[in-house]
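The values are calculated or read from the model by the stated rules, or taken from the named source; none is laboratory data. Everything quoted here is computed from the prediction, not taken from an experiment. Cβ placement follows ideal geometry from the backbone for every residue including glycine, while neighbour counts extend to all protein chains displayed.
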Amino acid sequence: MSYDIALLPGDGIGIEVIDATLPLLEDAADLGGFSVETTRYEWGSERYLEEGSMMPEDAIETLEGYDAILLGAVGHPDIPDHLTLRGMMLPIRKAFDQQVCKRPSVLFDGIESPLRGYEGGDIDLVVFRENTEGEYSDAGGHEHRGYPHEVAVQTAIYTRQGTEAIVRAAFEEATAREGHLTNVTKSNAQAHGMVFWDEIVEEVAAEYPEVTVERLLVDAASMDLVRRPDEFDVLVASNLFGDILTDIGAIVSGSMGLAPSANINVEGHSPSMFEPVHGSAPDITGEGIANPLATVLSISMLYEHLGEDAVAAALWDVVADQLSDEDAPRTPDLGGDAGTKEVVSDLRRRL
Ligand code: NAD
Ligand code: IPM
Ligand code: MN
């Protein structure tokens, strides 16, 4: 068996964590007895500064044939974010119909939560974020600028197909986990899209009588992720709400540097993409101290998606093992003084 993986390091620490973890991607393949062929594409903000675009025009055709994509991060301090992100990453999620974004938040043994009274194992939740429409939809967006009454219109679109896809994926996950689903919306203020969303959740819920469904408004859900993160199992939310909830989930579980994510094409006709939740972190770029573990866990999710469950579990377990060892190297976000490469070398030894 051989897999073709496209590597998109992108910008900033995205490049650092992809470069550092590549040997582990290959070690894992050796361990699993399959081979992995990687192709690296130098797309991103440097290309934008030189050539005026983040990716070539045929980028999507180029990526189409891969078994999976591994992305670092996108974003450059000298370029407006809407140009870089809408020039890379976001169009890939949309073009490949990666409607389901799966983002686990786990408080590992040996990691200190900024919340008082939580220990390893206490937080173990997963957010299912709708990934291609909702508040990130571009349809109908426009602006009239330069007039006395300037206006900008930003529409949110919820299709039945897209909403059902994320909701169904979340119910499936809840069935495989503890059977508890939290539906996060803002139906008290957003009477069109969010009420429609709630109705779809109710319809799909009827097919999963064994799953208990809790409804929370997004403001209350944000509070409860801080107040009682241990009580969540699976959460399902729209694109923007899922984005916000997963940064909260990441930090209550210790660090942005530990949060992985999968952007999944459910039908399997196009590649899925795996990436850490964090961004390009210009504040620490070039220092060699970015935490690579979010990327390692994303590689674990990549292999799980490809059906290589044993290898996926081995990668996940080796991260857990390292974190539970108080003598193991740690990056500064986890209170240590080790660099990115040292953490990866230690992981390779353990693997
Ligand atoms: P960020 O995630 O890059 O950084 C937030 C904070 O977390 C920073 O203090 C950073 O140092 C820290 N951090 C993040 N990842 C870390 C890691 N692996 N190890 C140690 N510390 C880590 O978010 P931001 O500062 O809001 O955004 C920076 C840029 O990244 C912006 O251009 C933004 O648009 C972009 N961004 C891209 C993605 C992506 O490509 N998926 C995600 C989020 C933000
Ligand atoms: C993420 C990021 C992106 C998002 C941004 C950079 C467009 O925050 O992957 O969480 O909102 O999806
Ligand atoms: Mn985000």
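Some observations on this one:
- Test: residue in the range 71-87 that is in contact with a strand residue (DSSP E or B) (Cβ under 6 Å, 6 or more places away or on another chain), in contact (Cβ under 8 Å) with a residue 12 or more places away in the chain and more than 16 Å from ligand 3 (Cβ to nearest atom): no
- Residues being of a type in the set (A, V, I, L, M, F, W, C) and farther than 22 Å from VAL126 by Cα - total across the range 58-104: 11
- Per-region count, the range 156-185, residues in a helix (DSSP H, G or I), in contact (Cβ under 8 Å) with a residue 40 or more places away in the chain and within 19 Å of ALA139 (Cβ to Cβ): 5
- Residues located in the range 219-238, provided they are crowded, with 23+ Cβ neighbours inside 10 Å and in a helix (DSSP H, G or I): ALA221, LEU225
- Residues that are assigned to a loop (DSSP other than H, G, I, E, B), among the small types (Gly, Ala, Ser) and touching a helix residue (DSSP H, G or I) at 6+ places or on another chain (Cβ under 8 Å) do not occur anywhere in the range 55-73.
- ILE60 vs. criteria under 20 Å from TYR136 (Cβ atoms) and assigned by TED's automatic domain parsing to the domain that holds SER280: yes
- When we screen ALA73, ALA29, ALA68, ALA6 for residues that are assigned by TED's automatic domain parsing to the domain that holds VAL311, farther than 17 Å from PHE96 by Cα, surrounded by 13 or more Cβ atoms within 10 Å (Cβ to Cβ) and under 21 Å from the mean Cα position of the chain (by Cα), the only hit is ALA73.
- Condition broken by GLY249, with the remaining ones in (1) within 12 Å of ligand 1 (Cβ to nearest atom); (2) crowded, with 18+ Cβ neighbours inside 10 Å satisfied: (1)
- Checklist (1) in the same structural domain as ARG160 (by TED's automatic domain parsing); (2) among the acidic types (Asp, Glu); (3) within 9 Å of ligand 1 (Cβ to nearest atom) applied to ASP283, failing item: (1)
Table: residues versus (1) away from ligand 3 (no atom under 16 Å from the Cβ); (2) not assigned by TED's automatic domain parsing to the domain that holds ILE18.
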| residue | (1), (2) |
| --- | --- |
| ILE244 | no, yes |
| PRO260 | no, no |
| VAL266 | yes, no |
| HIS269 | yes, no |
| ILE299 | yes, no |
| GLU304 | yes, no |
| LEU347 | yes, no |
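- Verdict on PRO276 being within 14 Å of ligand 3 (Cβ to nearest atom), at pLDDT 95 or above and within 24 Å of ALA6 (Cα to Cα): yes
- Residue ranges of helices (runs of 4 or more DSSP H) in the range 264-351 with at least 2 members within 20 Å of the chain's Cα centre (by Cα) and under 22 Å from GLY254 (Cβ atoms): 293-305, 309-324
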